1. Does residue 362 meet the test of being acidic (Asp, Glu) and at pLDDT 95 or above?
2. Given the condition more than 15 Å from the chain's Cα centre (by Cα), of a type in the set (Gly, Ala, Ser) and modelled with pLDDT of 95 or more, answer yes or no: does some residue in the stretch 97-120 qualify?
3. Suppose we filter the stretch 256-270 for residues that are among the hydrophobic types (A, V, I, L, M, F, W, C) and either part of a helix (DSSP H, G or I) or not assigned by TED's automatic domain parsing to the domain that holds residue 220 (or both); how many remain?
4. Just a yes or no: is a residue in the stretch 28-40 modelled with pLDDT under 95, under 27 Å from residue 352 (Cβ atoms) and either more than 24 Å from the chain's Cα centre (by Cα) or not assigned by TED's automatic domain parsing to the domain that holds residue 143 (or both)?
5. Working carefully through the options 183, 238, find the one that is in the same structural domain as residue 167 (by TED's automatic domain parsing) and within 19 Å of the chain's Cα centre (by Cα).
6. I need the full set of residues from the stretch 167-178 which are crowded, with 19+ Cβ neighbours inside 10 Å and more than 20 Å from residue 127 (Cα to Cα), in order please.
7. Could you please let me know if residue 281 is free of Cβ contacts under 8 Å to residues at least 40 places away in the same chain and either in the same structural domain as residue 180 (by TED's automatic domain parsing) or touching a strand residue (DSSP E or B) at 6+ places or on another chain (Cβ under 9 Å) (or both)?
8. For the stretch 227-255, how many residues are in contact with a Phe, Trp or Tyr (Cβ under 9 Å, 6 or more places away or on another chain) and part of a helix (DSSP H, G or I)?
Amino acid sequence: MKRQLSFEENILKWSKKHKKKLTLHTSAFAIVAAVLLMTSNLWTHTAIPHVEKDEEAVLTATFVGDMMFGRHVRDVINHRGYDYLFTYTDPYFEVSDFATGSFKHPVLIKERDPIDKSIIFSTTPESVDVLRERNFRSVSIANNNIYDYGYLAFLDTIDFFEEKEGIQAAGAMVDLEDIDNAVYTEQNGLTIATLAMTDIAAANSIATTFRPGIMPLDPPRYAIHAITNASKEADLVVVHTHWGEPYDSHVSSRQQELAHAMSHAGADIIIGHYPHVLSPVEIYNDTIIFYSLGNFIFDQGWTRTKQTALAQYHLYENGEAEVELVPFVIQEGQPRPVTNFSYRKASIHRMLTKFLNKDQWETDGNSIKFRVNHERLFNRPEQASEEERL
């Protein structure tokens, strides 16, 4: 009588019989998968967003986080050009009256030596022209990289922006007495003030009683006085804050206390950056607080550092303001739209709305939308003219 095979022996017999077939099937699957991966750019198409100008808005403004045009982003620019970086965000800038963001490096006008620091950024004058063409009317230079090529390169950068028409740098102080350091833009009958300050700074980059530098957030009195003064001169007060911890979305109690104090001092919009990741949005006292909009143009490779959002702000005659937060994912320095059902969209939405009540916001396609009462922008005392301020 033929011996009955055990369960283990049957498995071994089956595997030997099908070994060749399994090898063939596995190899075929691997080849198909490799072909799909190599050709994915050919059959995956990301549509450029269609954005229409809101003709009813008195003002349309765009806010973004950290922009860095050096290091590996420079390689992308050399290979593809600046326009490539803005392929999917240009439609928003084209309909914007005013844009601002964090400018993460000095402009190298002359040959300068870098300071002794592990991470060094710099950019060329062309990057400023690229931003100006996209309706950037101000940028923040109050950050930990503006001093990467030392004091003289910092002064070169300030001088460059002062001579450049159509775009200004916020965040520099002549000395610590210089609390009237906001930069002003006239747009559609409104005066917009931009201020910038930082919690994170390179050695010797903070303004002192006898030397120019960037505005500190610690102690906060300089920032609060500067915001108070700007609110007396402007209709809309936009404040950049470079703060937080690297790669940490957590908002500290100190950050919240500072943001609320800025709100009471007259800030209408607070734009946070530095952590390289997104943080929640808060509406406090009708002040819009973006605790961190993350990177916008950057070359970091971790998943969360690639997630970003562009904020599109519409102000209407009745004082109502609508904000649209548009999620993007950065690839090769270029912000690209997220797909409608991707986990990245869900992750970005979850982070940005963490401090908002469910009745405060809604989704519109990929975007988050919410409204605030900015009627106070039309009710402030008559502002001084640009000539009077100068």
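The values are calculated or read from the model by the stated rules, or taken from the named source; none is laboratory data. Predicted, not measured: the structure shown is a model, and the values here were computed from it. Neighbour counts are summed over all protein chains in view; Cβ atoms, including those assigned to glycine, are modelled from backbone coordinates with ideal geometry.
1. So residue 362 passes the test.
2. The answer is no; no qualifying residue exists.
3. Here the count works out to 5.
4. Looking through the stretch 28-40, none of the residues is modelled with pLDDT under 95, under 27 Å from residue 352 (Cβ atoms) and either more than 24 Å from the chain's Cα centre (by Cα) or not assigned by TED's automatic domain parsing to the domain that holds residue 143 (or both).
5. From the options 183, 238, the qualifying one is 238.
6. Matches in the stretch 167-178: 173 only.
7. Considered against the rule, which asks whether it is free of Cβ contacts under 8 Å to residues at least 40 places away in the same chain and either in the same structural domain as residue 180 (by TED's automatic domain parsing) or touching a strand residue (DSSP E or B) at 6+ places or on another chain (Cβ under 9 Å) (or both), residue 281 comes out as no.
8. 3
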